[in-house]
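Reading through the structure tokens given below for one structure.
Derivation of every value follows stated rules applied to the coordinates shown; laboratory data play no part. The model shown is predicted, which means the values in this text are computed figures rather than measured ones. Neighbour counts are summed over all protein chains in view; Cβ atoms, including those assigned to glycine, are modelled from backbone coordinates with ideal geometry.
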Amino acid sequence: MNLRISQVDCSDEQQCKEIVNYLVPHERQSLFLLGNLLSSVIPFDLYVVRQDEHIVGVLGYDLLFQSCSVFSATKEASRALGEHVVQLYEIRGLTGMKVMAHPVLDVFLRYGLQSLKDAEKVFLECDLRSFQPFALSAGKIRRVEARDVDKVVLLKRYLSAISLDQPISAEEQSKALAGESYCLEIDGKMVSVASTNGLVVKIFQILGVATDPLFRGRGFAKAVCSYLMQRMKERGAERAIIFTDRENDVALRCYKALGFQQTDSYYCVSFKES
């Protein structure tokens, strides 16, 4: 199989248009790649693999998070992209639909990268055209502002192994302010947060859902996710996607109560720093 990889000049409108046209029919499987091509919110390098002049795969390297995201038509295309970028960059993460990302993961592991935890996530979707919003009488939901950044960082640390006592880094602050976030407050205290990178074409992703452990089990995450979904629906979104750990029964119940259904498996891999 004759595969040819090249880096995309993201300032070239014609090159970007060709890739967008390739990805749009596969929006749900290529949301990160497509979103960055259309909005350029996060700085990233982009590579395409071609077979007989036809695009058969795309990989983006996020320069902020040092993470790769892949979409491909074949396992061979995924492997070729993985072989190419692993020799060029420090890689701390990998995302993509399981069938597309698994060949890349195999390449990264062969080159000595070490995965920190279970890579496979449950991939869920919700059709917003039949979405029924959920609201609580308790608390106030509002959009997160720049002044909230440290509170958001501390809430989202509950999603990782980072101690609340550890000093907040500039990298954490940058990640917390990326995209658009909403929070739920009880008596002025931020207790739950949910984020999105924004509407791509007709689909958006919910990510970074976190709730203070002292306030869990009261529907706060469900309420803030619902609020976010309603805002995005008003902007023209037709579908929401989210992924979570396979063993996270609490999160799965929350999302399914909002109308999400499991439709696929997704890889979200973190690697040890080299």
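For the reader, a short list of remarks on this structure follows.
- Cα→Cβ-extended label distance, 7 Å offset, between GLU171 and HIS26, nm: 3.0
- Contour minus Cα-Cα distance for VAL250 and SER137 (0.36 nm per residue): 38.5 nm
- Highest-fluctuation residue, ILE206, ILE162, ILE141 considered, GNM on the chain with Cα pairs under 10 Å: ILE162
- Cβ-derived FRET efficiency at R0 22 Å, SER163 paired with GLU120, nearest 0.05: 0.25
- The alpha-carbon of LYS151 sits under 25 angstrom from the alpha-carbons of these lysines, leaving out residues fewer than 8 places away in its chain: LYS140, LYS175, LYS189, LYS222.
- From most to least packed by mean Cβ count within 10 Å, the peptides 99-109, 164-174 give 99-109, 164-174.
- For the pair ASP187 and TYR89, a Förster radius of 35 Å applied to the C-beta separation gives a FRET efficiency near 0.15, rounded to the nearest 0.05.
- Of the three principal axes defined by the Cα atoms of the chain, the extents in descending order read 61, 42, 34 Å.
- Projected label points at HIS54 and GLN230, each 7 Å from Cα along the beta carbon direction, are separated by 4.6 nanometres.
- Alpha-carbon Debye profile of the stretch 127-265, log10 I(q)/I(0) at 0.15 Å⁻¹: -0.72
- Packing-based order for 128-138, 217-227, 243-253, 20-30, using average beta carbon neighbours within 10 Å, highest first: 217-227, 20-30, 243-253, 128-138
- Two-site FRET efficiency, ASP264 against ASP12, from Cβ-Cβ distance with R₀ of 35 Å, rounded to 0.05: 0.60
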